[in-house]
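Asks: Below is a structure I'd like to ask you about.
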Amino acid sequence: LPIIALEVKPHEKVLDLCSSPGSKTTQIASYMKNIGLIIANEVNLKRIKILASNLEMCGVTNTIITKKEGNALCRKLNFLNYKFDKILVDAPCSGEGTLRSSVQTYYRWNIKTIKSLPRLQKSLFASAFELLKPTGEIIYSTCTHAPEENEEVVDWALEKFKNKIKIEKIKIPVRFRGGINSWNGKNYSKEVEDSCRIYPQDSNTEGFFISKFKKIK
């Protein structure tokens, strides 16, 4: 769904910042018809092996795999003045949306994780945003329902990059609900409602959250 929303095309330069195991990376390559460039980044070596295997199995030939912490990679690319047409930040999250398919999520779930992860998620988004070309687009997505990791990050991004970014409406082929505009007494920008909340009970899927932004010239 994030790749459908991102609308990648052949000949573009695309960054998949948190790419393993590679289902979204291979989908990007398919949409690009293997023409153009994808940088697929992953910090964990074991997960890189899975990513590389999936890319090879799917015949992907336009992708460079990098092993670096996301913020550090973005700083390096920014120093080199390397810019992208499209960026996917499918951020590390608490994974609440996978509860119906993964028993382990029940055991790993912790409210402390939900409260600590937004700092990483915001920093990854901010670092990636600096690499966008003018009018370039970026997707921020998670597989959790927690507003702290979703709408709060979107609201923060809209304020952080005010007059540099705008949120885009999304078209995807499943039923979804708009982003919520308040949580735990905190109100969010009305623009946050243009995000997508995907619930298992609506479309017989896992849970997911997608937001799409465009960089203003």
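Asks: May I ask you to verify whether Ala91 is of a type in the set (Gly, Ala, Ser), open to solvent by less than 30 Å² (accessible area, probe 1.4 Å) and free of Cβ contacts under 8 Å to residues at least 60 places away in the same chain?
Replies: In short, no.
Asks: Looking at Ile114, is it of a type outside the set (Gly, Ala, Ser) and touching a Pro at 6+ places or on another chain (Cβ under 6 Å)?
Replies: no
Asks: Could you check segment 168-203 and list, in sequence order, the residues that are small (Gly, Ala, Ser), at pLDDT 95 or above and either assigned to a helix (DSSP H, G or I) or surrounded by 15 or more Cβ atoms within 10 Å (Cβ to Cβ) (or both)?
Replies: Gly179, Ser189, Ser195
Asks: Which pairs do you get when a residue that is touching a residue at least 24 places away in the same chain (Cβ under 8 Å) and closer than 19 Å to Ala91 by Cα, found in segment 42-54, comes within reach of a residue that is charged (D, E, K, R) and open to solvent by 80 Å² or more (accessible area, probe 1.4 Å), reach meaning Cβ atoms under 6 angstrom, with the pair 6+ apart or on two chains?
Replies: Here the result reads Ile48/Lys67, each pair linking segment 42-54 to a residue that is charged (D, E, K, R) and open to solvent by 80 Å² or more (accessible area, probe 1.4 Å).
Asks: Could you please give the count of residues in segment 88-146 that are of a type in the set (Lys, Arg), at pLDDT 95 or above and outside any helix (DSSP H, G or I)?
Replies: 1
Asks: Looking at segment 62-85, which of the residues that are aliphatic (A, V, I, L, M) and in contact (Cβ under 8 Å) with a residue 12 or more places away in the chain is most open to solvent (accessible area, probe 1.4 Å)?
Replies: Among those that are aliphatic (A, V, I, L, M) and in contact (Cβ under 8 Å) with a residue 12 or more places away in the chain, it is Ile64.
Asks: Still on this structure: Scan segment 29-48 for residues that are closer than 29 Å to Lys122 by Cβ and not in a loop (DSSP other than H, G, I, E, B) and jot them down.
Replies: Ala29, Tyr31, Leu37, Ile38, Ile39, Ala40, Asn41, Leu45, Lys46, Arg47, Ile48
Asks: Show the residue pairs that are 6+ apart or on different chains and have beta-carbon atoms under 8 Å apart, the first residue being within segment 101-114 and open to solvent by 100 Å² or more (accessible area, probe 1.4 Å), the second being of a type outside the set (Phe, Trp, Tyr) and outside any loop (DSSP other than H, G, I, E, B).
Replies: Trp109/Glu96
The values are calculated or read from the model by the stated rules, or taken from the named source; none is laboratory data. Just so you know, these numbers come straight off a predicted model, no measurement behind them. Positions of Cβ are backbone-derived with ideal geometry, glycine not excepted, and every protein chain shown enters the neighbour counts. Keep in mind that these areas ignore ligands, DNA and RNA; they rest on the heavy atoms of the full protein, side chains included. Shrake-Rupley method; radii C 1.70, N 1.55, O 1.52, S 1.80 Å.
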